[in-house]
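Asks: Take this structure first; my questions come after.
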Amino acid sequence: MAFLEIRNITKRFAGQAALEDVSADIDKGEMVCVLGPSGCGKTTLLRIIAGLETADSGSVYIDGGDCTSQPPGKRNFGIVFQSYALFPNMTVSDNIMFGLHRRRGLGREEMRARVDDVLGMVDLLEHRNKYPRQLSGGQQQRAALARAIAPAPSYLLLDEPLSALDAKVRVRLRGEIRGIQRALGITAVMVTHDQEEALTMADKIIVMNNAAVVQTGTPREIYDRPATPFVANFIGFMNFYPAPEGVCAIRPERIELTGATDGCDMVAEIKGFEFKGAVTRIHGVLPRQTEICVDVASEKADALDVRASDRMYLRIPKEHLLRYPASAAI
Amino acid sequence: MRRIFGQAGPAQLLILSALILSFTVTLIFPLFSLLSKAFFDKSGAFAGIRNYIDYFGTPSLSVSIRNTAEVSSVTAVFSVLLGLAYAYALTRTNIRGKAFFRYTALIPIFLPTVVHALGLVYIFGRQGILTGLGVETELYGRFGVILSEIIFTFPQAFLMFAVALEVADGRLYEAADSMGVSAVKRFFGITLPDIKYTVVNAFFVCFTLAFTDFGAPKVLGGGYNVLATDIYKQIAGQFNMNMGAVVGTLLLLPAVASFAVGQIVTGRNTSTVSSKATKLSVADNRPRDAVFFVFCSAVSACFLFLIAALCMGALTEYYPYNMAPTLRHFGFNASAGGIESYFNSLEMSLLTAVFGTAFVFVYAYMLEKTRGFDMLRRYGRLLSVLPLALPGMVVGVSFIFFFNARSNPLHFIYGTVVILVLSNILHYFSVPFVTATGSLKKLDREFESVSDSMSVIRVKTFLRVSLPLSLPAVLEIFMYYFVNSMVTVSAVVFLYGAKFKIASIAITHMEEAGDISQAAAMSLLILLINAAVRIAYAITANIIERKNL
């Protein structure tokens, strides 16, 4: 039995479905990312797991117990919001202390020790007496994380925790959050719309679209075997082209460039080059005006010596080729 | 259970219900008493619209409607124009002395309206300063009342425009300048459209205030009757409660109408300044600044002159015959209420400020920061805007009808400080409520979620987070309630008891009895405490703001 079980949750706001019969299982100690475009219902799902929102129907089980109608305070979780929601009138350690009230008979000294503990984990010990406004965005995020884990919750909820941060800080914090989650062995559910974040951080990804779960799996499964064209296109980039029996899809980095004669599957006319640093994306057009992209390592692209309106010869490895019925929407 | 209670627990439902119930008892029930009185005759039999037919059939009464409308519309036009120009000078020009001009413009707010009229008596009355210099005016009647109402409503219009003109998208003005648009065209093309809703709102606010004011026509009306003096005569003079109720409903009508328009106007007011807006930098323009400086100086000189006139009356032996300085007018006659009335006013205003602030803030918090019980909250929100449409006279009269009824278990509060405090809290509820709600809306809505997740009780979150973070708003509400309670006449004139007279009423009685020097002296005492409270507020708010930077 999974640690967190979500069973057939439906939730509507003013008639508009936010969640439609959503189910998911989350195992103990797992880091699960709920990934989807904005408005897909992922935040509502998180808030229902937290008890901050009540489902119209369906149930939530935590550790085998039905907690569908439990208020948030009884569920024993920690939560980090995109806005951090740090109390601006309290120092970092007061923010953490705020949630440590009379918790399981902790004395004043033990509470202080606990604050030091979590501040050490997020590396904020020397900033303990600062107010949130005196901290950088990344530090505020870490303070919010410390506050969330201080009461030793049995699971952690993260609502777009990194979206408000600079790209560099975001990448570093991914690793830090993941590290702390692993060290504590705590079950975590993170909501994000950033596919890279989900791929790098998650043990398991739940992809949502239009109030429903589209696919659940490990990052590799989601990336290599997307269940629908939507998932394929939402995570990374995907080439689609028509085939007799439906639609074929292939990742641009899976396509191999060959010489004109040996084992080429398709011929495309080169339209342009997009230098992306380590790789260069070659944009091309297949006959019947279907666009296709091929990613090659930049040094290889230099060696190729091709230019626009030249032809390129493509080999499509069968093991990486995906097929979808023609009716599937992209 | 939780499906029934939604997000909030039973405790929250209990608090919310208690707040809304007490609001209903002090607002809806008295209002209902007023309406029912208007449709019954003296013997208690149903009269239908017969009271109204009687009213409009009595020319001496119905002429008041025309007079009141005349006073209010002229007042509103002047106050809007003056307030707009004054606010424009303070926000869109580079004149010197802006802080000075801002505070002098607020002087009338710190005084009861009877005092504005009293000041005019000192200036334009039979022995007035300017009358002595040969300025002949017909002070008693239409002219005096209008002049006094302009003094009363000008600060309101000014404050509204000052807020509206404070924000501007500098990019629009830079774009206009780069296109070589003239200053006049820029004003009518950018500035005015930006504040057009404020113009409409300010007009209605001034109109309604002048329409329902009691103080100025009481002193200066003479034979020029308006609705507010009529209702007083009917109720306090002739004990004709039913006719009083009829006038009360008439007093309500324009307020309700302007309120409705106001709702429509603010509902459409979505053209807020974009978040990308740059700050407007006011270009140098000496001739413009000179004109506005002269204008602001003239307006503030008028207000200062008013205060100077009061000082002269209060601090001289027997103006204008014996100008020897004295403090003897501060020894107030006991018959009009004595110095006792001043302390009563302080007590009442403090109680109003303390309990009013607490009620408003908790009420706003419960509506803003809890979830569930949508029907109840919608009703609560409706209650919170209603007082905006209620003139003080109507609050006062409906309170008599409701609380003075022998059968009412709350009858015992009649004539005590409690009913005065209640009427003030209700009468001035809407503005503090908007202040509190606005401040709470600015707080991260996840503060409550975070606290819930850590199973921190809501009371602790309220006391440790929401309340401290809203401290500036709390202080502002406190000050607003205090200052308004010190100067109010209209609601309390029906409600004060013989044993608990207050200063603003005492001034009215001193003026009536001919002790206008004492009335002026008492006015100065009120001005003093209100100015002190306002300054204390400004200093505290400043300290808090600096601490939070």
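The values are calculated or read from the model by the stated rules, or taken from the named source; none is laboratory data. Quantities reported herein were computed from a predicted structural model and do not represent experimental measurements. Neighbour counts run over all protein chains shown; Cβ positions are idealised from the backbone, glycine included. Just so you know, the surface numbers come from the protein's heavy atoms only, side chains and all, with ligands and any DNA or RNA stripped out. Shrake-Rupley method; radii C 1.70, N 1.55, O 1.52, S 1.80 Å.
Asks: Compute the orientation-averaged projected area for chain B from the convex hull of its Cα atoms and round it to one decimal in nm².
Replies: Working: hull surface 117.4 nm².
Averaged projected hull area, Cα only: 29.3 nm².
Asks: Along the Cα-to-C-beta direction of A:ASN233, a point sits 7 Å from the Cα; which residues of the range A:26-46 have their amide N less than 14 Å from that point?
Replies: Within reach of a label on A:ASN233: A:37.
Asks: Which residues among the range A:54-68 fall inside the zone where the amide N is under 19 Å from a point 7 Å beyond the Cα of A:ASP21, along Cα→Cβ?
Replies: Zone members listed by number: A:55-60.
Asks: 7 Å from Cα along Cα→Cβ at both B:ILE339 and A:ALA113: what's the point-to-point distance in nm?
Replies: If labels sit at B:ILE339 and A:ALA113, their model points lie 6.4 nm apart.
Asks: Suppose each label sits 7 Å from its Cα in the direction of the beta carbon; what would the B:MET375-B:ALA257 distance come out to in nanometres?
Replies: 3.5 nm
Asks: Shifting gears a bit: Residue by residue through the range B:540-545, what is 3J(HN,Hα) from phi via Karplus (6.51 cos²θ - 1.76 cosθ + 1.60, θ = phi - 60°)? Round to whole Hz and write x for glycine and proline.
Replies: 4, 4, 5, 4, 4, 4
Asks: Okay, moving on. Label points 7 Å out from Cα along the Cβ direction at B:ALA531 and B:ARG445: separation in nm?
Replies: Modelled inter-label distance: 4.5 nm.
Asks: Sticking with this one: I need the phi-derived Karplus couplings for the range B:197-214: 6.51 cos²θ - 1.76 cosθ + 1.60, θ = phi - 60°, integer Hz, Gly and Pro marked x.
Replies: Per residue, the Karplus-derived 3J(HN,Hα) values read 5, 5, 4, 4, 4, 4, 4, 5, 4, 5, 4, 5, 4, 5, 4, 10, 6, 9 Hz.
Asks: For chain A, what is the calculated [θ] at 222 nm in deg cm²/dmol (nearest 500), taking -39500 (n - 2.57) for each run of four or more DSSP H residues and dividing by its residue count?
Replies: -7500 deg cm²/dmol
Asks: Now a separate question. Could you list the trypsin sites (Lys or Arg not before Pro) in the range A:84-184 that lie in coil according to DSSP, counting only those with at most 12 other Cβ atoms within 10 Å of their Cβ? Spell out each step's value before the answer.
Replies: Details: sites: A:ARG102, A:ARG103, A:ARG104, A:ARG108, A:ARG112, A:ARG114, A:ARG128, A:LYS130, A:ARG133, A:ARG142, A:ARG147, A:LYS168, A:ARG170, A:ARG172, A:ARG174, A:ARG178, A:ARG182; in loops: A:ARG102, A:ARG128, A:LYS130.
For trypsin sites (Lys or Arg not before Pro) across the range A:84-184 that sit outside H, G, I, E and B with at most 12 neighbouring Cβ atoms in 10 Å, the list reads A:ARG102.
Asks: Give the Rg (one decimal place) followed by the Dmax (whole number) of the range A:67-138, computed from C-alpha coordinates and expressed in Å.
Replies: Rg then Dmax for the range A:67-138, in Å: 13.6, 41.
Asks: Additional query: State which stretch of chain B is the longest one without any exposed GluC sites (Glu not before Pro), exposure meaning a DSSP loop state and at most 11 other Cβ atoms within 10 Å. Display every interim value, and only then the final one.
Replies: On the way: sites that count: B:GLU136, B:GLU138.
That would be B:139-549.
Asks: List, in the order given, every pair from A:LYS168/A:LYS318; B:LYS185/B:LYS279; A:LYS130/B:LYS441; A:LYS130/B:LYS98; A:LYS42/B:LYS369; A:LYS42/A:LYS168 whose Cα-Cα distance in the structure shown is over 28 Å. Let's see the in-between values first.
Replies: Working: A:LYS168/A:LYS318 37 Å; B:LYS185/B:LYS279 21 Å; A:LYS130/B:LYS441 25 Å; A:LYS130/B:LYS98 37 Å; A:LYS42/B:LYS369 23 Å; A:LYS42/A:LYS168 25 Å.
Long pairs (Cα-Cα over 28 Å): A:LYS168/A:LYS318; A:LYS130/B:LYS98.
Asks: Using only Cα atoms, what Kirkwood radius does the range B:35-172 have, in angstroms?
Replies: Values: mean 1/r = 0.0545 Å⁻¹.
This gives a value of 18.4 Å.
Asks: What does the buried accessible surface come to for A and B, summed over both chains, with the probe at 1.4 Å? Round to 100 Å².
Replies: 2500 Å²
Asks: With the other protein chains left in place, how much accessible area per residue, in square angstrom, belongs to the range A:105-185 at a 1.4 angstrom probe? Each step should come with its number before you reach the end.
Replies: Numbers: 3700 Å² over 81 residues.
With the other protein chains kept in place, the range A:105-185 gives 46 Å² per residue.
Asks: Heavy atoms only, 1.4 Å probe, whole protein assembly: order A:ARG311, B:ARG377 by accessible area, highest first.
Replies: Largest accessible area first, the list is A:ARG311, B:ARG377.
Asks: Leaving ligands, DNA and RNA out of it, report the carbon-plus-sulfur percent of the accessible area of the range A:239-324 at a 1.4 Å probe. Walk me through the intermediate numbers first.
Replies: Values: 2440 of 4840 Å².
Answer for the range A:239-324: carbon and sulfur cover 50 percent of the accessible area.
Asks: Taking the Cα centre of each part, how many Å lie between the range B:370-407 and the range B:432-483?
Replies: 23 Å
Asks: Whole-Hz Karplus ³J(HN,Hα) for the range B:162-168, in order, using 6.51 cos²θ - 1.76 cosθ + 1.60 and θ = phi - 60°, x for Gly and Pro?
Replies: 4, 5, 5, 7, 4, 9, 7
Asks: Using a probe radius of 1.4 Å on heavy atoms only, what accessible surface per residue do you get for chain B? Whole Å² is fine. Intermediate values should be presented prior to the final figure.
Replies: Values: 24320 Å² over 549 residues.
Heavy-atom accessible area per residue stands at 44 Å².
Asks: For the range A:171-227 and the range A:90-124, what is the separation of their Cα centres, given in Å?
Replies: Here the two parts' Cα centres lie 29 Å apart.
Asks: Taking amide H positions as placed 1.01 Å from N in the peptide plane, with prolines and chain starts having none, which residues 5 or more places from A:VAL80, or on another chain, fall under 5 Å of its amide H?
Replies: A:LEU157, A:LEU158, A:ASP159
Asks: Return the long-range amide H neighbours of A:VAL279 (sequence gap of 5 or more, or a different chain), with a cut-off of under 5 Å between placed amide H atoms.
Replies: Placed amide hydrogens put A:SER298 under 5 Å from A:VAL279.
Asks: What is the spread of the Cα atoms of the protein assembly as shown along each of their three principal axes, largest first, in whole Å?
Replies: Sorted from largest, the Cα extents of the protein assembly as shown read 119, 68, 61 Å.
Asks: Can you pull out the GluC sites (Glu not before Pro) in the range A:167-269 whose DSSP state is coil and whose Cβ has at most 15 other Cβ atoms within 10 Å? Numbers along the way, then the final one.
Replies: Details: sites: A:GLU176, A:GLU196, A:GLU197, A:GLU221, A:GLU245, A:GLU253, A:GLU256, A:GLU269; in loops: A:GLU245.
Here the sparse-neighbourhood loop sites are A:GLU245.
Asks: Select from the range B:488-549 those trypsin sites (Lys or Arg not before Pro) which occupy a DSSP coil region and have at most 11 other Cβ atoms within 10 Å, ordered by residue number. Display every interim value, and only then the final one.
Replies: Working: sites: B:LYS499, B:LYS501, B:ARG534, B:ARG546, B:LYS547; in loops: B:LYS499, B:LYS501.
Filter output for the range B:488-549: B:LYS499.
Asks: Of all alpha-carbon pairs in chain A, indicate the percentage at a distance above 26 angstrom. Provide the component values of the computation, followed by the final result.
Replies: On the way: 30777 of 54285 pairs.
More than 26 Å apart: 57 percent of the Cα pairs in chain A.
Asks: Just read off the accessible area of A:LEU157 with the full protein assembly in place, 1.4 Å probe, to the nearest 10 Å².
Replies: For A:LEU157, solvent-accessible area is about 0 Å².
Asks: Please work out the FRET efficiency for the pair B:PHE143 and B:PHE188, using the Cβ-Cβ distance as r and a Förster radius of 35 Å; give the result to the nearest 0.05. Working shown, then result.
Replies: Details: r = 32 Å, r/R0 = 0.92.
Given R0 = 35 Å and the Cβ-Cβ separation, E is 0.65.
Asks: Computing the accessible area with a 1.4 Å probe over protein heavy atoms, can you report the carbon and sulfur percentage for the range A:114-221? Spell out each step's value before the answer.
Replies: Values: 2030 of 4270 Å².
On the range A:114-221, the fraction of accessible area on carbon and sulfur atoms equals 47 percent.
Asks: What order, most packed first, do the peptides A:158-165, A:52-59 have when packing is the mean number of other Cβ atoms within 10 Å of each residue?
Replies: Details: A:158-165: 21.1, A:52-59: 18.4.
Final packing ranking: A:158-165, A:52-59.
Asks: Could you list the residues of the range B:239-257 with an amide nitrogen less than 18 Å from a label point located 7 Å from the Cα of B:ILE53 in the Cα-to-C-beta direction?
Replies: So the set is B:242-243, B:246-247.
Asks: Rounded to the nearest percent, how much of the accessible area of chain B (1.4 Å probe, protein heavy atoms only) is carbon and sulfur? Spell out each step's value before the answer.
Replies: Working: 16420 of 24320 Å².
Summing carbon and sulfur atoms, their accessible area is 68 percent of the total for chain B.
Asks: Using alpha-carbon positions, what is the distance between the centroids of the range B:280-315 and the range B:490-526, in Å?
Replies: The range B:280-315 and the range B:490-526 have Cα centres separated by 30 Å.
Asks: With heavy atoms of protein chains only and a 1.4 Å probe, what residues of the range B:429-465 have at least 50 Å² less accessible area in the full set of chains than alone?
Replies: Those residues are B:GLU446, B:PHE447, B:VAL450, B:SER453, B:MET454, B:SER455, B:ARG464.
Asks: Report the far tail of the P(r) of the range B:47-328, meaning the percent of Cα-Cα pairs longer than 37 Å. Let's see the in-between values first.
Replies: Details: 10319 of 39621 pairs.
Pairs farther apart than 37 Å: 26 percent.
Asks: If you take the charge dipole of the protein assembly as shown about its Cα centre, with +1 on Lys and Arg Cβ and -1 on Asp and Glu Cβ, which of B:GLY221, A:THR68, A:ILE270 is farthest toward its positive end?
Replies: Ranked along the dipole, the leading option is B:GLY221.
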